[in-house]
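Worksheet: one structure, shown below.
The values are calculated or read from the model by the stated rules, or taken from the named source; none is laboratory data. Remember, it's a predicted structure, so these values are computed and weren't measured experimentally. With ideal geometry, Cβ positions are generated from the backbone for all residues, glycine too; neighbour counts draw on all protein chains shown.
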Amino acid sequence: MAAPLLSVRNLRTVFGTGGGGIVAVDDVSFDVAPREVVGIVGESGSGKSVTALSIMGLLPQPQGRIAAGAILFEGRDLLQMPPRERRALRGGAMGMVFQEPMTSLNPVFTIGDQIVETIRQHERMGTRAARARAVDMLGRVGIAAPARRLDDYPHQLSGGMRQRVMIAMALACSPRLLLADEPTTALDVTIQAQLLDLLRDLQAEFGMAIVLITHNMGVIAEFADRVLVMYAGRMAEEAPVGRIFDAPKHPYTIGLLASTPDIVEDNVRLRTIPGTLPNLADLPPGCRFAPRCTRAIEACGAGQPPMRDFAADHRAACIRADMDAAP
Amino acid sequence: MTAAPAPTPIITVDGLAKHFPVRGGTFLNRTTGAVRAVDDVNLTIAPGETLGLVGESGCGKSTVGRLILRLIEPTAGRILFEGTDIAGLAQRELLAVRRSMQIVFQDPYSSLNPRMMVEDIILEPLYIQGARKGPETRRQAQKLLETVGLPRSAIARYPHEFSGGQRQRIGIARAIAPQPKFIVCDEAVSALDVSIQAQIVNLLQDLQQEFGLSYLFIAHDLAVVKHISDRVAVMYLGKVVEIAPKRTLYATPRHPYTQALLASIPAPHPRLRRQRARLTGELPSALAPPPGCRFNTRCPHAQDRCRSEVPELRTLAEGHQAACHFIDQIPAPAPLGGSPRNGTAP
């Protein structure tokens, strides 16, 4: 792999203070290469969104803090950077799209004002030139009559259009990395498909890397090159997308795939993962998935299972995953 | 699995319509228009059958569910429960029918009263029907909890002590408490995590087997609907555009909207990534739906006639109906499992 664009090392993010803090992200490490699309998939409380917020430096203050680890962007540790430099990166070389476009756009400013502000925050550019760039960006994300739309307020746009505006804003300063946190989750399926197509086209055009966070295995199958599966704040598995679907190693990944109803095959009964998602304030000792895992043995409760290599680029945190046999 | 229409359907909906008035004027005191949320919908649900109802936001699918239960009053149409028209029943008479018709809501956080104990939550339908609280009803509550996979001790706890999936089990226990014949599941698994969603889907199927329930399963997730339904109806802007047994609908969708909807589903496997015909444009406003076929503004096959004349549902095969003027000229779509996109699958 080429020198990574983004390198997350042993990230640990904690909410709350003192000894009673909740560890939302625990010992997470992964790389993103230039132009690569990495999908992070997991359920509620898996730590996928907190990982993204940690990378962007957008943890809610003062509750959230990074307790350990490093986040290297183009070789420089973001956590050691002066706040001014970090602000310059955010919205510039690193763009972000959130799930809920209505809450991430300011309702009292026109979308033109907001895109222009973003551009001028990062580049020395006059208002007129920035407006021209904004019109160009709105056109590229598929908004009809972009010059006219510039003076619309967020409430005048549909959910799908607002998300296009968010993408235009995130891409306005040609980021090298785009973090997209559930960018299509709140949208209808036909609009979701349009936006995934758009992101794929824009990625080809702008050549940025994308970290896509989702709970939807279908979105992962459509979009990701490489996949990170998270469970209860820790990494369960990491592999190229084909291997995640064809040869998953971690029992959680296997269970997650089996729980998803298949649109092609007919299955009489869904296979399920028993039990409920763990409470982060009251985690089991040892492997966090062990209480729900059908393959768990006593040793699983003894300590955190380390990430083991199964193939080039394929790692899983399970002491029971078979090294050779297919699941 | 195909529904035989021979026995009396549990639910028959005939010409159902709901128009919500829109207020305007300086004091919002004039009716300036109407949202035609549901327009001339006809459906039947057989005993023991699950009818899936799909469509995007604002298509009227939830309104149909609420109309059938008469949680909201229809503007027009008949709703027959086992052959009896309930659209005109007075509240007193309705109470007796309500016993047999229940609903499970989407959000297990807002649909359970946080200040009530689980025992009272799940027995409330029985209290409303006149049951007196006592040792007998408590045993009933414990039995209901066991049926939905929760411990008996849960009766004395409050909703906040449970996770989302467990709360949905409580909501289901409440729905089956009065031993209904028919349950509307309104996005009942949509808010749940995938691993929990599968548990609840299986529970709903087990309960259907055990008690012979009929379901109207309203959802936007086409894969879940395919899994659980016997037949599926597709709605667009207040109208049913296609209805068929599920295998027929997913294998050979005929209406251009159904085809587009199915083509929008993300591939289930990276090998199946493909270039697909996407729907362009967005949903028109239900305040001013396009004249003629409501789908004409987004339909790749639309012609002049589609912009003026409303298409009626036509029978294409046993149990398969679609509302499109040019149904015979619409080419079949690529199969869902087929034709990988060239060279991009990893």
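Structure summary
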| quantity | calculated |
| --- | --- |
| Those helices (runs of 4 or more DSSP H) lying entirely in region A:101-182 with at least 1 residues touching a Leu at 6+ places or on another chain (Cβ under 8 Å) | A:111-122, A:127-140, A:146-149, A:159-171 |
| B:Arg274 being touching a Ser or Thr at 6+ places or on another chain (Cβ under 7 Å), modelled with pLDDT of 85 or more and crowded, with 17+ Cβ neighbours inside 10 Å | no |
| Condition met for B:Pro311 (surrounded by 20 or more Cβ atoms within 10 Å (Cβ to Cβ), out of contact with any strand residue (DSSP E or B) (no Cβ under 8 Å at 6 or more places or on another chain), assigned to a loop (DSSP other than H, G, I, E, B) and modelled with pLDDT of 95 or more) | yes |
| Candidates A:Phe245, A:Phe223, A:Phe206, filtered to the one that is touching a His at 6+ places or on another chain (Cβ under 9 Å) and either facing chain B (nearest Cβ under 8 Å) or of a type in the set (Phe, Trp, Tyr) (or both) | A:Phe245 |
| Helices (runs of 4 or more DSSP H) contained in region B:177-280 and holding at least 3 residues free of Cβ contacts under 8 Å to residues at least 40 places away in the same chain | B:194-211 |
| Top-ranked residue in region A:163-186 [being crowded, with 22+ Cβ neighbours inside 10 Å and farther than 30 Å from A:Leu72 by Cβ; ranked as nearest to the other protein chains (Cβ to nearest Cβ)] | A:Arg164 |
| B:Cys293 assigned to a loop (DSSP other than H, G, I, E, B), surrounded by 19 or more Cβ atoms within 10 Å (Cβ to Cβ), away from every other protein chain (no Cβ under 14 Å) and at pLDDT 85 or above | yes |
| Entirely in region B:58-130, the helices (runs of 4 or more DSSP H) that have 2 or more residues that are at negative phi and free of Cβ contacts under 8 Å to residues at least 24 places away in the same chain | B:91-98, B:118-128 |
| Selection status of A:Ile71, outside any loop (DSSP other than H, G, I, E, B), under 21 Å from A:Gln99 (Cβ atoms) and in contact (Cβ under 8 Å) with a residue 60 or more places away in the chain | no |
| Residue in region A:245-252 that is touching a residue at least 12 places away in the same chain (Cβ under 8 Å), under 20 Å from A:Ser49 (Cα atoms), touching a Phe, Trp or Tyr at 6+ places or on another chain (Cβ under 9 Å) and buried (at least 24 other Cβ atoms within 10 Å of the Cβ) present | yes |
| Verdict on B:Val54 being in contact with an Asp or Glu (Cβ under 9 Å, 6 or more places away or on another chain) and touching a residue at least 60 places away in the same chain (Cβ under 8 Å) | yes |
| Residues within region A:186-226 that are in a helix (DSSP H, G or I), among the aliphatic types (A, V, I, L, M) and either modelled with pLDDT of 90 or more or within 16 Å of A:Val141 (Cα to Cα) (or both), tallied | 12 |
| One residue from A:Gly16, A:Gly47 being on the phi > 0 side of the Ramachandran plot and either among the basic types (Lys, Arg) or surrounded by fewer than 17 Cβ atoms within 10 Å (Cβ to Cβ) (or both) | A:Gly16 |
| Region B:82-106: number of residues that are over 19 Å from B:Ala177 (Cα atoms) and not basic (Lys, Arg) | 11 |
| Matching residues, region A:276-293, being in contact (Cβ under 8 Å) with a residue 40 or more places away in the chain and in contact with a helix residue (DSSP H, G or I) (Cβ under 6 Å, 6 or more places away or on another chain) | A:Phe289, A:Cys293 |
| Candidates B:Leu237, B:Leu213, filtered to the one that is modelled with pLDDT under 95 and over 13 Å from the mean Cα position of the chain (by Cα) | B:Leu237 |
| Failed criterion for B:His227 (all others in (1) within 20 Å of B:Pro108 (Cα to Cα); (2) facing chain A (nearest Cβ under 9 Å) hold) | (1) |
| Candidates B:Tyr215, B:Tyr257, filtered to the one that is in contact with a Phe, Trp or Tyr (Cβ under 9 Å, 6 or more places away or on another chain), aromatic (Phe, Trp, Tyr) and within 14 Å of another protein chain (Cβ to nearest Cβ) | B:Tyr257 |
| Selected residue [crowded, with 18+ Cβ neighbours inside 10 Å, over 25 Å from the mean Cα position of the chain (by Cα) and without any contact (Cβ under 8 Å) to a residue 60 or more places away in the chain] from A:Ala296, A:Ala302, A:Ala321 | A:Ala296 |
| Number of the condition not met by B:His160 [criteria: (1) at pLDDT below 95; (2) of a type outside the set (D, E, K, R); (3) buried (at least 23 other Cβ atoms within 10 Å of the Cβ)] | (3) |
| Index of the failed condition, B:Ile86 passing every other in (1) within 14 Å of chain A (Cβ to nearest Cβ); (2) crowded, with 18+ Cβ neighbours inside 10 Å | (1) |
| Flag for A:Val211 being at the interface with chain B (Cβ under 7 Å from one of its Cβ atoms) and crowded, with 24+ Cβ neighbours inside 10 Å | no |
| Single unsatisfied condition, A:Asp262 versus (1) surrounded by fewer than 17 Cβ atoms within 10 Å (Cβ to Cβ); (2) out of contact with any Gly (no Cβ under 9 Å at 6 or more places or on another chain); (3) within 12 Å of chain B (Cβ to nearest Cβ) | (1) |
| Among (1) out of contact with any Cys (no Cβ under 9 Å at 6 or more places or on another chain); (2) surrounded by 17 or more Cβ atoms within 10 Å (Cβ to Cβ); (3) under 30 Å from B:Tyr250 (Cα atoms) - the single one A:Pro278 does not satisfy | (3) |
| Test: residue in region A:36-44 that is crowded, with 19+ Cβ neighbours inside 10 Å, within 19 Å of A:Ala281 (Cβ to Cβ) and not basic (Lys, Arg) | yes |
| The listed residue being away from every other protein chain (no Cβ under 12 Å) and either in a loop (DSSP other than H, G, I, E, B) or under 24 Å from A:Asp26 (Cα atoms) (or both), out of A:Leu283, A:Leu277, A:Leu256 | A:Leu283 |
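To keep it simple, each residue is scored yes or no on (1) within 14 Å of chain B (Cβ to nearest Cβ); (2) among the charged types (D, E, K, R); (3) surrounded by fewer than 21 Cβ atoms within 10 Å (Cβ to Cβ); (4) touching a His at 6+ places or on another chain (Cβ under 6 Å).
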| residue | (1), (2), (3), (4) |
| --- | --- |
| A:Thr51 | no, no, no, no |
| A:Ile66 | no, no, yes, no |
| A:Thr110 | no, no, yes, no |
| A:Arg128 | no, yes, yes, no |
